[in-house]
1. Counting DSSP beta bridges with both partners in the chain, what percentage is antiparallel, nearest 5?
2. So who's got an amide H within less than 5 Å of the one on Glu383, skipping anything under 5 residues away but keeping other chains? H placed 1.01 Å off N, in plane.
3. Evaluate the distance, in nm, between pseudo-label points positioned 7 Å from the Cα of Ser358 and of Arg58 along their respective Cα→Cβ axes.
4. Considering Cα pairs under 8 angstrom that are at least six residues apart, work out the relative contact order of the chain and quote it in whole percent.
5. Whose amide H sits under 5 Å from the amide H of Arg248, counting only residues 5 or more places off or on another chain, with H placed in the peptide plane?
6. Using alpha carbons only, how many degrees (0 to 90, rounded to 10) separate the axis of helix 96-105 from the longest principal axis of the chain?
7. Measure up Lys187/Lys356; Lys77/Lys177; Lys3/Lys404; Lys128/Lys206; Lys107/Lys187; Lys3/Lys356 against 26 Å on the Cα-Cα distance and list the ones that go over.
8. Using amide H atoms built 1.01 Å from N in the peptide plane, name the residues 5+ places from Tyr157, or on other chains, whose amide H lies under 5 Å from its own.
Amino acid sequence: MQKLLIEGGHTLEGTVSISGAKNSAVALIPAAILADSAVVIDNLPVISDVDLLAELLREIGGDVDLGNQTMTIHPEKMVAMPLPNGRVKKLRASYYLMGAMLGKFKKAVIGLPGGCNLGPRPIDQHIKGFEALGAQVTNEQGAIYLRANELRGAKIYLDVVSVGATINIMLAAVRAKGRTIIENAAKEPEIIDVATLLTSMGAKIKGAGTNVIRIDGVDHLQGCRHSIIPDRIEAGTYMIMAAAMGRRVHIDNVIPTHLESVTAKLREMGTTVEEYDDQLIISGLDAKKGVDIKTLVYPGFPTDLQQPFTSLLTSAEGTSIVTDTIYDARFKHVDELRRMGASVKVEGRSSIVNGKSSLQGAKVKASDLRAGAALVIAGLMAEGITEVSGLEHIDRGYEHLETKLTRLGAKVWREELTEEELEQVKQS
Ligand code: EPU
């Protein structure tokens, strides 16, 4: 097991290129199950969630060829193999196997992912959608059993705007009989990306990216080739890093409109953000003003950048309030930031940041993916060396983090945990 070491205080300069979107990839790979011939997915991020999904598709009989940023999935020999345990439990997004396998085989058994560090993450809206389409859904010993004689289109109103439920219902509905309408659907760019892949496969979907999606079921879907959109959360993470420590950092391969809420907040703080077709240039380092942040569904400020932004706010003047309206327990990074000298406290579903703190390097632990990103940002700003453990979370979602940061001039490297540190990890 490894840890990440960061020597803080170095200015970032140069170019970073953004990888394909994790939260698209984890839905697009299961979507390939629905096809009757090979699906090729390009611009895949090199992250552990993608490796896990490739293995899961192999477990159900798929022939999967995973190259550098490209995956070819042959679904012809896939079967409705139950996946109650094992890898499926390690990956939150394995819930997309439910919609895809139900859509293709009219049955599936998928284990529920274990506890989550963002607090409870129910899937009641996914299940409501599957049931409306005609599936029987039961929860038996931590696995969801889905079965339908036939799936029939239905009108489904989501009580909570949910990215996962919107995508999962689309996956189950594309091969159902008749029309499905999803109302109060989520509008995230990743939903449009999944709809684009499904449409290339022959599905009939209208309205993805708005809050009403109409799907007319088809009998068969064929293979196709699809290139994933850039990861707006990875891009946002580098924007925040550049605002914290950057002198003209070029962020390439982005869709700037996906990041408008982040751009607006950085400008409010005093950061210069230049926008071009597929590039952003960020100049940070100047005096920063504190700002309040409230996470909202897209196109609001993304919950996935709330933790990284909090690290940046520790270096801004004044008091900033960060409120997460999506996940009320996404604050595990706060204790770790305090260890580094930040003045932050949690009140209800907000963290209150009193700037401007001089952070000091410390030994800290990433409890989840975006908490990990927050600690890396704090490490870049801190005096001395920061050691971040819990790297398995960061590796789930950030491709070649230390290579990209090193190219920008950061001093970042990995080391094996000592025996003593390994023992502490086992006990925690
Ligand atoms: N919710 C329900 N019932 C449901 C589904 C969701 O109450 O059936 C609630 C959730 O508890 C949450 C809110 O609705 O409070 C929104 O959850 P959503 O379903 O939109 O989240 P998700 O699909 O499980 C995806 C991303 C998350 C990201 C959220 C919000 C993937 C694999 N995950 O999760 O990404 O935070 O949308 O944008 O796409 C990350 O990348 O670090 C990450 C956690």
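Quick note: the coordinates plus some simple rules give every number you see, no bench work behind them. This one's a predicted model, so the numbers in the text were calculated from it and none came from an experiment. Here the Cβ is made from the backbone with ideal geometry for all residues, glycine too, and neighbour counts use every protein chain on show.
1. Percentage antiparallel, nearest 5: 70.
2. Leu359, Gln360, Gly361
3. Here the answer is 5.2 nm between the modelled labels.
4. Reported as a whole number, the value is 20 percent.
5. Those lying under 5 Å, H to H, from Arg248 are Ser283, Gly284.
6. Value to nearest ten degrees: 10.
7. Too far apart for the 26 Å limit: Lys187/Lys356; Lys107/Lys187; Lys3/Lys356.
8. Glu183
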